[in-house]
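Step one of this worksheet: look at the structure below.
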Amino acid sequence: MRDRKTMPVYRGVLQYFPDAIKEVSKTSYAATKQHHPDKEMFWDRTKSNDHYDAMIRHLLDHEGEAIDDDGQLHLAKVAWRALAGLQTYLETIKIK
């Protein structure tokens, strides 16, 4: 178990990137409404597991057009995919 004081989630992430975190959460919400409009927000892990390929596609698409066809920022999708890839990796190696 890691010492919680070495993981300053609020001071080390949320305080640094409040607008970015809010934008990623908007993208997450929009994806849930697109794929499951009748359900509460959740991460449907059966939909897409190619996080790194999708992350790079959105990064490349950002260079041409900042906003995707669904109105969400490509960079927010890049960040979401990076977080999904990291979360999946950490779960695989059992580090929390």
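Where a number appears in this text, it was derived from the coordinates with a stated rule and is not lab data. The structure displayed is predicted, hence computed values, not measured ones. We place every Cβ from the backbone using ideal geometry, glycine too, and count neighbours over all the protein chains shown.
Counting only Cβ charges, +1 for Lys and Arg and -1 for Asp and Glu, the dipole size of the chain around its Cα centre is about 760 debye. If R0 equals 22 Å, the separation of the Cβ atoms of Met41 and Tyr10 corresponds to a calculated FRET efficiency of about 0.50.
Taking only the C-alpha atoms, wrap a convex hull around segment 18-93 and report its volume per residue in Å³ as a whole number.
Working: hull volume 7.5 nm³, N = 76.
Per residue, the Cα convex hull of segment 18-93 comes to 98 Å³.
Taking chymotrypsin sites (Phe, Trp or Tyr not before Pro) across segment 14-64, the ones in a DSSP loop with at most 14 further Cβ atoms lying within 10 angstrom of their Cβ are Tyr16, Phe42, Trp43.
To the nearest ten degrees, helix 18-35 and the longest principal axis of the Cα atoms of the chain are 60 degrees apart.
You can think of it this way: the chain between Arg57 and Ser25 has 9.6 nm of extra reach, that is 0.36 nm per residue less the Cα-Cα gap. Axis angle, to the nearest 10 degrees, between helix 51-64 and the longest C-alpha principal axis of the chain: 50 degrees. Rounded to the nearest 10 degrees, the angle from helix 74-93 to the longest Cα principal axis of the chain is 40 degrees. Taking segment 68-96 and a reference point 7 angstrom along Cα→Cβ of Asp3, the backbone N atoms nearer than 20 Å belong to 95-96.
The loop-placed trypsin sites (Lys or Arg not before Pro) in segment 13-58, going by DSSP, that have at most 14 neighbouring Cβ atoms within 10 Å of their Cβ come out as Lys39, Arg45, Lys47.
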